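J.: Handing you a structure now.
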Amino acid sequence: MSPLIGTLAYWREELRRHRTSPSELIRLLAHKIEEKDRITHAYLSWNLEEALRQAGQADAGSPLGGIPVAVKDNICVAGEPTRCASRFLSNYRSPCDAGAIVRLRRAGGIPFGRTNMDEFAMGASGENSAFGPTLNPRNARNVPGGSSSGSAAAVADGTAIAALGSDTGGSIRQPASHCGIVGLKPTYGRVSRNGLVAFASSLDQIGTLTQDVRDAALLLNAIAGHDPEDSTSDTRSPEDFTSLLGREVKGIRIGIPYEYSSSGNHPHVRGAVEKAAKTLNALGAEIIDISLPHSEAVVAAYYIIACAEASSNLSRFDGVRYGLRADDPKNLEDLYARSRAEGFGPEVKRRIILGTYVLSSGYYDAYYARAQKVRALIAGDFTRAFEQVDFILGPTAPTPAPLLHDADQTPLQRYLADIYTIPANLAGLPALSLPCLSPEASPDDLPTGIQLIAPHYREAKLLSIAYALEQSGLAH
Ligand code: GLN
């Protein structure tokens, strides 16, 4: 097991008691990054000087009291590079903070380090970064998952206390599962998307990657809330997401979808879900078999909608306004074409081509409009399920982390691995991945995670159930 660095809750207490200072903590992290990041490559950059400057101004009485938090490279931090791990943006610096970073700073958090990712958050392994892949700290032969590969690896490697990521189809939960940490994708709209470089705007959501459940609640407290700059952000008043931690789970109804127990799931994944169900049952929860009948269609619907939105969102990268610009263009079209050809990697190009195709006249109704109807059916499955149960339990990913550079995997196989995480994005629901070790696995095996999905805005309760599971020693 890789050494973690001490939780956010722990360091917050240390800071409150003045047993350490934010500057000392940042120096400690910088030292760990220097020591370990050559192997894992979880970070694209870190600005020690700027972090130390902010540390000098940190307010020990604020909720996070000067805790450094690593930030995925697609979330804008003023003055820092925001490259989305793309050649296209290799010289780009954010002019301002994302809404989530404004809140993070207000709560006393210090953004420290830009974490590696799949280019423009497209991928599930971290291998699509233009700056080289991140390796799984638990086993360097494996990927850490993605697209928030660096955020997950940094937390698992003890080079970050906690990190922010983004989740469009599983990019927080799946790498959390592969690295043995906690990943939370909040309800769509819970955290401002302003300043998150858009991939698929109707699915994108910023969330947390942390060492444990309490830290997820503490970090969500810092970043959640309305932002007038994001019209889709939720207007309800702030909540304390730690408030239900420690509550009993007795009487809670947990649904296990029949469709999520495919024979294609790795035995350790199956074992983990069974163990979580047994544990919940022993804690007094009721386990109920349910069905999400449109599960078969989730991958197809997601890849049509996500690619369609991506093709539109990424049209802004044209060589005129942002980032890379091809040399000596013959005319405007040549400038567009060559800037995009040189700036984007193969997966991003594949998505833009797919997205343009499904939106083009003649195909729009057959693909895009149909995928939207399927999306409504998938959301309806959850509405019906939540009339019967309070939460849904299943795997986060069908297998533990794949090997790095596994040439046998086709893009379609890679897309299919998102099958259990995508539904929560299509339906806008909060979902959390929690480390859970199957009884047949040894602690030296790669980690696996279980996923809990909740109704909209039920993060506090979701966290309390995850906390109860965590306290019962699920990860061991
Ligand atoms: N793996 C999914 C994809 O490649 C999800 C990515 C994400 O959540 N950003 O689209």
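The values are calculated or read from the model by the stated rules, or taken from the named source; none is laboratory data. These numbers come from a predicted model, not from an experiment. Positions of Cβ are generated from backbone atoms using ideal geometry, with glycine treated the same way; all protein chains shown enter the neighbour counts. All accessible areas refer to the heavy atoms of the entire protein, side chains included, with ligands and DNA or RNA removed. Shrake-Rupley method; radii C 1.70, N 1.55, O 1.52, S 1.80 Å.
J.: Of all the helices (runs of 4 or more DSSP H) wholly in the range 264-383, which have at least 2 residues that are closer than 21 Å to Asp204 by Cβ and not charged (D, E, K, R)?
T.: Numbers: elements: 267-282, 298-313, 332-343, 346-359.
The helices (runs of 4 or more DSSP H) meeting that bar are 298-313, 346-359.
J.: Would you check which residues across the range 295-319 are of a type in the set (Val, Ile, Thr) and open to solvent by 20 Å² or more (accessible area, probe 1.4 Å) and list them? First the steps, then the outcome.
T.: First, pick out the residues of the range 295-319 that are of a type in the set (Val, Ile, Thr): 298-299, 304-305.
Hit for the range 295-319 is Ile304, nothing else.
J.: Just to be sure, is Gly271 on the phi > 0 side of the Ramachandran plot and either in contact (Cβ under 8 Å) with a residue 12 or more places away in the chain or within 16 Å of the ligand (Cβ to nearest atom) (or both)? Full working, then the answer.
T.: Numbers: on the phi > 0 side of the Ramachandran plot: no; either in contact (Cβ under 8 Å) with a residue 12 or more places away in the chain or within 16 Å of the ligand (Cβ to nearest atom) (or both): yes.
No, not satisfied.
J.: Would you call Tyr336 in contact (Cβ under 8 Å) with a residue 12 or more places away in the chain, out of contact with any helix residue (DSSP H, G or I) (no Cβ under 8 Å at 6 or more places or on another chain) and away from the ligand (no atom under 13 Å from the Cβ)?
T.: Working: in contact (Cβ under 8 Å) with a residue 12 or more places away in the chain: yes; out of contact with any helix residue (DSSP H, G or I) (no Cβ under 8 Å at 6 or more places or on another chain): yes; away from the ligand (no atom under 13 Å from the Cβ): yes.
So Tyr336 fits the description; yes.
J.: Given the residues Thr410, Thr421, Thr383, Thr396, which is the only one that is within 16 Å of the ligand (Cβ to nearest atom) and over 20 Å from the mean Cα position of the chain (by Cα)?
T.: Details: Thr421 fails: over 20 Å from the mean Cα position of the chain (by Cα); Thr383 fails: within 16 Å of the ligand (Cβ to nearest atom); Thr396 fails: over 20 Å from the mean Cα position of the chain (by Cα).
It is Thr410.
J.: Hey, any hits in the range 320-338 for a residue that's surrounded by 21 or more Cβ atoms within 10 Å (Cβ to Cβ) and more than 23 Å from Ser361 (Cα to Cα)?
T.: Within the range 320-338, the subset surrounded by 21 or more Cβ atoms within 10 Å (Cβ to Cβ) is none.
Looking for residues that are surrounded by 21 or more Cβ atoms within 10 Å (Cβ to Cβ) and more than 23 Å from Ser361 (Cα to Cα), one finds none in the range 320-338, hence no.
J.: Moving to a separate point now. Give the number of residues within the range 161-175 that are within 12 Å of the ligand (Cβ to nearest atom) and outside any loop (DSSP other than H, G, I, E, B). I'd like the intermediate steps shown before the answer.
T.: Step one: of the range 161-175, the residues within 12 Å of the ligand (Cβ to nearest atom) are 165-175.
Of the ones still in play, those that are also outside any loop (DSSP other than H, G, I, E, B) are 165-166, 173-175.
Within the range 161-175, residues that are within 12 Å of the ligand (Cβ to nearest atom) and outside any loop (DSSP other than H, G, I, E, B) number 5.
J.: Quick one: in the range 192-204, of everything that is more than 9 Å from the ligand (Cβ to nearest atom) and of a type outside the set (A, V, I, L, M, F, W, C), which residue is surrounded by the most Cβ atoms within 10 Å (Cβ to Cβ)?
T.: The initial filter retains those residues of the range 192-204 that are more than 9 Å from the ligand (Cβ to nearest atom), namely 192-198, 201-202.
Still in the running and of a type outside the set (A, V, I, L, M, F, W, C): 192-195, 201-202.
Details: Ser192: 26, Arg193: 24, Asn194: 21, Gly195: 24, Ser201: 15, Ser202: 16.
Within the range 192-204, the match that is surrounded by the most Cβ atoms within 10 Å (Cβ to Cβ) is Ser192.
J.: Another question, if that's okay. Among the residues of the range 180-191, is there at least one that is open to solvent by 10 Å² or more (accessible area, probe 1.4 Å) and within 12 Å of the ligand (Cβ to nearest atom)?
T.: The answer is no; no qualifying residue exists.
J.: Kindly check whether there is at least one residue in the range 437-448 that is farther than 13 Å from Val213 by Cα, open to solvent by less than 40 Å² (accessible area, probe 1.4 Å), within 16 Å of the ligand (Cβ to nearest atom) and of a type in the set (Val, Ile, Thr).
T.: Checked the range 437-448: no residue is farther than 13 Å from Val213 by Cα, open to solvent by less than 40 Å² (accessible area, probe 1.4 Å), within 16 Å of the ligand (Cβ to nearest atom) and of a type in the set (Val, Ile, Thr).
J.: Follow-up question, since we're still on this one. Just checking, does the range 131-148 include any residue being in contact (Cβ under 8 Å) with a residue 24 or more places away in the chain and assigned to a helix (DSSP H, G or I)? If you could, list the steps in order and put the result at the bottom.
T.: Let us first name the residues in the range 131-148 that are in contact (Cβ under 8 Å) with a residue 24 or more places away in the chain, namely 131-148.
With assigned to a helix (DSSP H, G or I) added as a condition, the list becomes none.
Within the range 131-148, none of the residues are in contact (Cβ under 8 Å) with a residue 24 or more places away in the chain and assigned to a helix (DSSP H, G or I).
J.: Let me ask something else. Would you be able to say whether some residue in the range 111-134 is more than 9 Å from the ligand (Cβ to nearest atom), within 28 Å of Pro443 (Cβ to Cβ) and hydrophobic (A, V, I, L, M, F, W, C)?
T.: So far as the range 111-134 goes, no, none of its residues is more than 9 Å from the ligand (Cβ to nearest atom), within 28 Å of Pro443 (Cβ to Cβ) and hydrophobic (A, V, I, L, M, F, W, C).
J.: Looking at this structure, is Pro133 closer than 20 Å to Leu48 by Cβ and open to solvent by 10 Å² or more (accessible area, probe 1.4 Å)? Break it down stepwise before answering.
T.: Working: closer than 20 Å to Leu48 by Cβ: no; open to solvent by 10 Å² or more (accessible area, probe 1.4 Å): yes.
Spelling it out, it is not the case that Pro133 is closer than 20 Å to Leu48 by Cβ and open to solvent by 10 Å² or more (accessible area, probe 1.4 Å).
J.: Across the range 345-376, what is the number of residues that are of a type in the set (Asp, Glu) and either more than 16 Å from the ligand (Cβ to nearest atom) or in contact with a Pro (Cβ under 7 Å, 6 or more places away or on another chain) (or both)?
T.: So in the range 345-376, the residues of a type in the set (Asp, Glu) come out as 347, 365.
From what's left, either more than 16 Å from the ligand (Cβ to nearest atom) or in contact with a Pro (Cβ under 7 Å, 6 or more places away or on another chain) (or both): 365.
Selection size over the range 345-376: 1.
J.: Name the pairs: first residue in the range 162-177 and free of Cβ contacts under 8 Å to residues at least 24 places away in the same chain and open to solvent by less than 10 Å² (accessible area, probe 1.4 Å), second residue within 9 Å of the ligand (Cβ to nearest atom) and among the small types (Gly, Ala, Ser), Cβ to Cβ under 9 Å, at least 6 apart or on different chains?
T.: Qualifying pairs under 9 Å: none.
J.: Check the range 137-153 and report whether any residue there is buried (at least 24 other Cβ atoms within 10 Å of the Cβ), farther than 21 Å from Gln409 by Cα and among the hydrophobic types (A, V, I, L, M, F, W, C). Outline the logic, then answer.
T.: First, the residues of the range 137-153 that are buried (at least 24 other Cβ atoms within 10 Å of the Cβ): 137, 143-153.
Narrowing the set further to residues that are farther than 21 Å from Gln409 by Cα leaves 137, 150-153.
Filter once more, keeping what is among the hydrophobic types (A, V, I, L, M, F, W, C): 152-153.
Checked against the condition, which is being buried (at least 24 other Cβ atoms within 10 Å of the Cβ), farther than 21 Å from Gln409 by Cα and among the hydrophobic types (A, V, I, L, M, F, W, C), the range 137-153 yields at least one hit.
J.: So the check is Cβ under 9 Å with 6+ separation or different chains; which pairs have a first residue in the range 318-330 that's among the aromatic types (Phe, Trp, Tyr) and a second one that's surrounded by 12 or more Cβ atoms within 10 Å (Cβ to Cβ)?
T.: Pairs found: Tyr322/Phe88; Tyr322/Leu89; Tyr322/Tyr92; Tyr322/Arg316.
J.: Out of (1) open to solvent by 70 Å² or more (accessible area, probe 1.4 Å); (2) charged (D, E, K, R); (3) assigned to a loop (DSSP other than H, G, I, E, B), the odd one out for Asp227 is which?
T.: Going through (1) open to solvent by 70 Å² or more (accessible area, probe 1.4 Å); (2) charged (D, E, K, R); (3) assigned to a loop (DSSP other than H, G, I, E, B) one by one, Asp227 breaks only (1).
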